[in-house]
Amino acid sequence: MKRFGLNNVVELPGRAKSSREDAAPARRARRIVAVGGGKGGIGKSLVSANLGIALARAGHRVVLADVDLGGANLHTCLGMSQPQATLSDVITRGTRIESLAVPTGIDNLRLISGAMDALDAANPKAQARARLVAELQSLDTDYLVLDLGAGTSLHTIDFFLLADHGVLVLLPEPTSVENAYRFLKAALFRRLQQTAQSLGVAPQAEAALASQGSALRTPGEVVREVAKVSPEAAAQLERTLRAFRVKLVVNQVRSEADHSVGRAVVAAWKKFFGLEMDYLGGVAYDDAAWQLVRKRRPLLVDGAGSPSATQLVAVAEALVALDRPRSSSR
Amino acid sequence: MTTVEEQTLYDVLEVEPRATVEEIRAAHARAAEAFGPESVAVYALVDDAQVEALRERLAEAAEVLLDPIRRASYDRSIGIQGPGMLWEEDEEDEELPPVEVEEPVGPGPHPLEAEAGLEAETAEKPPPAQGDLDFEVAPGDGQFGRELPEREGPAASEPEVATAPPEPPPEPVAPPVESPVVESEAAAAASLHGDWAEAMPEVSPPAPEPVAFPPPVRAEPRARRSPPPLPRSSLGLLRPAAAQARASGAVPEGTEGTGLPVRSRLDIPPDAEFNGELLRQVRESYGLSLQQVADRTRITRIHLENVEADRYEHLPATVYLRGILVNLARELRLDPARVSKSYLLVAQRAQARGP
């Protein structure tokens, strides 16, 4: 049976070890929000940056961290030049992460750049990832917003799983939806495998996951297989999987039909995977917003009042609202 | 964390079991848009067959739940009791909810009743009290006709109905009828050890040589309208084998639960695999012939034969097979989701092994 080890610290989300958290020092990010989506160019950084601004303006202390290590450009979205010190310094120089968080000019909002110019920057080794994760978790802030890179690489998935709120951004078009689902399934099954491993039921979970024909096995099927050998492990596994509750944002909404894509994705995910998803809202396609991005000006700063800015604020409010009624259960 | 295949038709449409017709219509419209061919939301989420199966299931949900008669029948099959359950009759009326009135309304009578020519009597009864129905449309006689298989003509059997002594029911003449129902859990367990005599509950009539699960095959026991006469309820309706045996005292107290025959009286273990053989046993425990089930469900008889014989290579594509299994399970008062899932799994495994 595998036990919790150093490697698992990287891979297991903080919430799976709630008893440890209780005993942990108070210094930690109160809420971690990860913004991902699988595909590039869908507005992950736009959503991250403006989500951070909206949260900061609502009075929360926010740190935006660019963990798109190979393609970091969150600083550009905020109209800043690339900070001198970046996440790479945590690994190469042992710099403490607090010193990397630089002011953005917006009250309550700091930025940690992820730009890493080393050749293998986008794919840090497990030990380096562990270090990064531990450092990020130790940040003293109300909200830590992680802007993830494209693709489904392990470190991207692990950052997503690290978060209390995994925000999935997609555009209402097939390529984006396809990548978003691929990303989502990769994250779900990694969470499943990690949890099964920590519970000592990895072989059963693996056997259940081995696909039958072309149909993908669902979390419920895996839980049932595990229950045959250990009902307790199955119950724990089910709790963990139920907590895999992704928050959806549909970007570049042009029509009511585009809006309905968000609701339909939530419904489809539940239908086929038996898991809940929250639709935080849609963000309108907005020429003005596009112009601002080109000028490297944050939408919520220079385009406040535009439909897309208003909707981004609504997304932030919906996210904060999720924490209120459920804060005790997390 | 149930998925489409495991969900009830209500779950599939994401409505409450008490949803109104309007709510069901609206839910179906939403779902048709969300999961339709034009929708991007299911793109690359699962394979095409799964999406197609979902669409079929949504269509089935709307079709069944928007039809008051079929909805009542479906409710019964998934164990929802209440206003929808209007036709089940029982001698022990005091055990039944008040809605279980004399008039067998709701879905067409089970072939067990139909075999006794009860359709004639049913047709003569006044229409059901609509106040008891939870539907916007009360089932009328014409709707009964839709559900009933073609019959040879009610007149021939009518006298038999009229003259049959309602109570007490005669002793079952054919002993094997009892075998599916004497299987209390203890008896079933004991049967595994061949120790039937000790495990048999105390019953007054001389217990015939009982046969452990699987029950004896009674080839179309009620297909012929010939003596011996089968026991009848106070309404003169023929009962499933279970009720007959109970009437004769062969069934131990408590094994009947509420007396609502919503499931086969075969003692089916919770983890049983529903292969063709088990489905055949369940069918025969009700004394139904293949043809009767075919008439009743409108499933081609050859498909039913192939299902029961586990001739997977001759069965239609999964999407259609699932529909067949759901309908068959419903007819046999089994859990449609469990049966279809289990059977398809067995079939998949068998096919994976190759011929």
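Here are some notes:
- Listed residues A:Phe160, A:Phe273, A:Phe183, most fluctuating in chain A (Gaussian network, C-alpha, under 10 Å): A:Phe273
- Dipole magnitude of segment B:268-355 about its Cα centre (Cβ charges: Lys, Arg +1; Asp, Glu -1), debye to nearest 20: 240
- Over chain A, dividing the summed -39,500 (n - 2.57) contributions of all DSSP H runs of at least 4 residues by the number of residues returns a 222 nm mean residue ellipticity of -15000 deg cm²/dmol.
- Number of partner chain Cβ atoms within 10 Å, mean per residue of B:45-52: 5
- Relative pair counts by distance (%), Cα atoms of segment A:215-280, 10 Å bins: 20, 38, 25, 12, 4, 0
- Residue by residue along B:30-38, Cβ atoms of other protein chains within 10 Å of the local Cβ number 3 on average.
- Mean partner shielding of peptide A:166-178, defined as the number of other chain Cβ atoms within 10 Å of each residue Cβ, is 2.
- Gaussian network model of chain A, Cα within-10 Å springs - most flexible of A:Pro219, A:Pro172, A:Pro231: A:Pro231
- Length gained when the stretch B:Glu38-B:Arg338 is fully extended (0.36 nm per residue, less Cα-Cα span): 104.9 nm
- Working from label points 7 Å from Cα in the Cα-to-Cβ sense, the A:Val320 to A:Glu232 distance is 4.2 nm.
- Magnitude of the charge dipole for chain A, about its Cα centre and with charges confined to Cβ atoms of Lys, Arg (+1) and Asp, Glu (-1), is about 640 debye.
No value in this document is a laboratory result; all are computed from the given coordinates. Since we're looking at a predicted model, the values are computed, not measured. Here the Cβ is made from the backbone with ideal geometry for all residues, glycine too, and neighbour counts use every protein chain on show.
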